[in-house]
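We did not get these values from a lab; they are worked out from the coordinates using the rules stated. Please read these numbers as outputs of a predicted model, since none were measured by experiment. Note that we place each Cβ from the backbone using ideal geometry, even for glycine, and neighbour counts take in every protein chain shown.
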């Protein structure tokens, strides 16, 4: 099997940018989730399990907003890279494109400069990883809420 190195050369820059960006956003995500979890644990310790059920839904809402903002921050990191590379004309377009790529929504009609288009697919792959981490995290939080709050939120369903 013969691999044409010249045909792959244009993609080398995309990979050299995308791998560190992916690692950086995963690190940002994990640190952010750790901070959110620490706040959750402090809240549970401070208010105790007796009154936790009254605050559980509010905390879940706050956790959801926090995770959403975390994804926005990570999309902004990619958008900054797109601006540095001049793959996007302005920051607003770069952030919109980045959110579209990360969520695999892709309906904005904005595209990267031709030499950087592989980055969009690689950002989408990174988005899948980040959303997988968020899903696992939210599932774990919901399990804790269920353990501590469900008996009081849903009387007779312990």
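Computed quantities for the displayed model
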quantity: Rg ratio (alpha-carbon, reference 2.2 N^0.38 Å) - region 23-114; calculated: 1.43
quantity: Stretch gain in nm, segment residue 45-residue 117, where the contour uses 0.36 nm per residue and the Cα spacing is subtracted; calculated: 21.1 nm
quantity: Projected label distance in nm at residue 66 and residue 11, using a 7 Å step from Cα toward the beta-carbon; calculated: 3.9 nm
quantity: P(r) of region 80-152 over all Cα-Cα pairs, binned every 5 Å from zero, in whole percent; calculated: 3, 16, 20, 17, 10, 8, 8, 7, 5, 4, 2, 0
quantity: Length gained when the stretch residue 107-residue 55 is fully extended (0.36 nm per residue, less Cα-Cα span); calculated: 15.0 nm
quantity: Packing-based exposure ordering (other Cβ within 10 Å, fewest first) of 59, 105; calculated: 105, 59
quantity: Tensor-based shape of region 57-109 (alpha-carbon gyration tensor, a/c under 1.5 rounded, otherwise prolate or oblate); calculated: prolate
